[in-house]
1. Quick one: would you say M210 is modelled with pLDDT under 90, surrounded by fewer than 19 Cβ atoms within 10 Å (Cβ to Cβ) and part of a helix (DSSP H, G or I)?
2. What's the total number of residues in region 12-39 that are part of a loop (DSSP other than H, G, I, E, B), touching a residue at least 40 places away in the same chain (Cβ under 8 Å) and of a type outside the set (F, W, Y)?
3. Would you confirm whether any residue within region 141-148 is of a type in the set (D, E), at pLDDT 80 or above and over 30 Å from I241 (Cβ atoms)?
4. Within region 256-271, does at least one residue satisfy the condition of being under 22 Å from V341 (Cα atoms), polar (S, T, N, Q) and surrounded by 13 or more Cβ atoms within 10 Å (Cβ to Cβ)?
5. Going by the structure shown, is S44 modelled with pLDDT of 90 or more and under 52 Å from the mean Cα position of the chain (by Cα)?
6. In region 234-281, which residue that is among the hydroxyl-bearing types (S, T, Y) and touching a helix residue (DSSP H, G or I) at 6+ places or on another chain (Cβ under 9 Å) is nearest to I187 (Cα to Cα)?
7. For the structure I just gave you, tell me whether D262 is free of Cβ contacts under 8 Å to residues at least 40 places away in the same chain, among the acidic types (D, E) and under 20 Å from T327 (Cα atoms).
8. Restricting region 223-235 to residues that are more than 13 Å from A256 (Cα to Cα) and touching a residue at least 12 places away in the same chain (Cβ under 8 Å), which is surrounded by the most Cβ atoms within 10 Å (Cβ to Cβ)?
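The values are calculated or read from the model by the stated rules, or taken from the named source; none is laboratory data. Nothing here was measured: the structure is a model prediction, and the numbers come from that model. Here the Cβ positions follow ideal geometry from the backbone for every residue, glycine too, while neighbour counts run over all protein chains shown.
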Amino acid sequence: MTQRILVVDDVPHNVKLLADVLTVKGYEVITAQSGAEALERVRSDRPDLLLLDVMMPGMSGYEVCQTIRADPDIRVLPVVLVTALDPSERVKGLEAGADDFLTKPINQPELLARVRSLLRIKSLYDQIEAQKAELSEWNKTLEERVAEGVAQVERLSRMKRFLSPQVADLILSGGVDDPLRSHRSEITVVFIDLRGYTSFTETADPEEVMGVLSEYHAAMGELIMAYQGTLERFAGDAIMIFFNDPIPLPNPARQAIGMALDMHTRFATLAVNWRKRGYDLDIGIGVAQGYATLGGIGFEGRRDYGAIGTVCCLAARLCSEAKGGQTLVPQRVMACLEDCVEAAKIGELTLKGFHRPVVVFNVAARKAVDSAA
C-alpha cells in the first residue's frame, strides 16, 4: 500500500520541490498551502506523514502541530517541521509536538532518510493499532461466547439431576441437541412403586419414613445412572424413568428391563434389613414403550425434563397392577425381549384409561446363557 505524505508550505515552489522528490520515490503526495488547509487535509485524507513549514501566514507550523497533538483522533501523525530558522527554534518545535526537523534548503538524502524512519515507525504503530482492534474484537467475541457458554452450562447442568453422568457430559460437550427443546421421540418408560408403603407410613415415624426413602432412592438412583436412564421424577415412593432420550439406545426396552431386574435384586437386599426393623415393603414395576413428547416442563427458575404421552400412562397403570417383585410389560415390549428374558403371560388386563384390554407379561429373570452354544 502506497504511503501518503502531506506537504504544507505557503510557497508553491517549495511544495513542488518536495512533492517531486517524494513522488519519484514512490510516495503519494498531497499538498496544502496554509495551516488551516493542512488540518482539513489531515482529517479528510489521513496522511501517514506531515512535512510542515513553520513560517506561514495566519496559522504557523507550531500552531498546526499543537492542534494535531491535542486531537485524539490524529495526535499520532508523525510531523516533520521544515524551517530556515535558527536551530534554537527547534526547542519550540519539540514543545509543540514535532517528531523531527528539516532545515532549508532541503538536503534530499536527509529528507528521504527522515521520511523513511518516521514512516517505518508509523507503519509499526498502525500494525499495533490494527492488532489492538482485532484483539478487542476477539475479546468481545470471546466474552459473548463465554457468556453464552456459561448460560448453556448453567441451563444444561440442571439436567444432571435427572440424567446419568454419561448423558449429561454428552449434552454439555455438545454431543447431542438441546433436550429441553420440545420434541417427539419413541421411548421406553419405567414406573416403580413401593408395595406396603401406605401401611408403613401410617405406623412409622416421619424420620423413619425419610430414612427408608433415602436408602431406597439412593439404591434405585445408582442403577438408573448405571443403565443410562433419564430420571423423570421422584414422587415419594414412586419413580419414573425413561430410555432412548436424549441419547438414542440400540434396544431401550432391554436396557429398561435389565435395570428393572437389577432393581428387584438390589431391593431384596434392602428389604432384608428393613424387615428386621418391622418394615414390610416390596416394589412393583411397569414398563411400556411408545411415542411421547419430551422437553422442558415448568416455569422460569424451576424447569424439569419430562415426557407426556399415552406410553407414560400405560407404564404407570402396569406398575399399579404389579405385585411385589413383579415387572409387568405389554406385548410391544415383550417382542423386544423374548430371546433374553424368562417371562410368564399374565393375560389381558383392563387398565384405567384404556378402552381395550392389554396383554400383559411378567418378566421374571434373564435367560441363562447356554455355555455350550
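1. For M210, the condition - modelled with pLDDT under 90, surrounded by fewer than 19 Cβ atoms within 10 Å (Cβ to Cβ) and part of a helix (DSSP H, G or I) - is not met.
2. Result for region 12-39: 1.
3. Yes - at least one qualifying residue is present in region 141-148.
4. no
5. Judged against the criteria, S44 is a match.
6. Here the answer is T269.
7. Taking the combined requirement at face value, the residue satisfies it.
8. Looking at residues that are more than 13 Å from A256 (Cα to Cα) and touching a residue at least 12 places away in the same chain (Cβ under 8 Å), I get E232.
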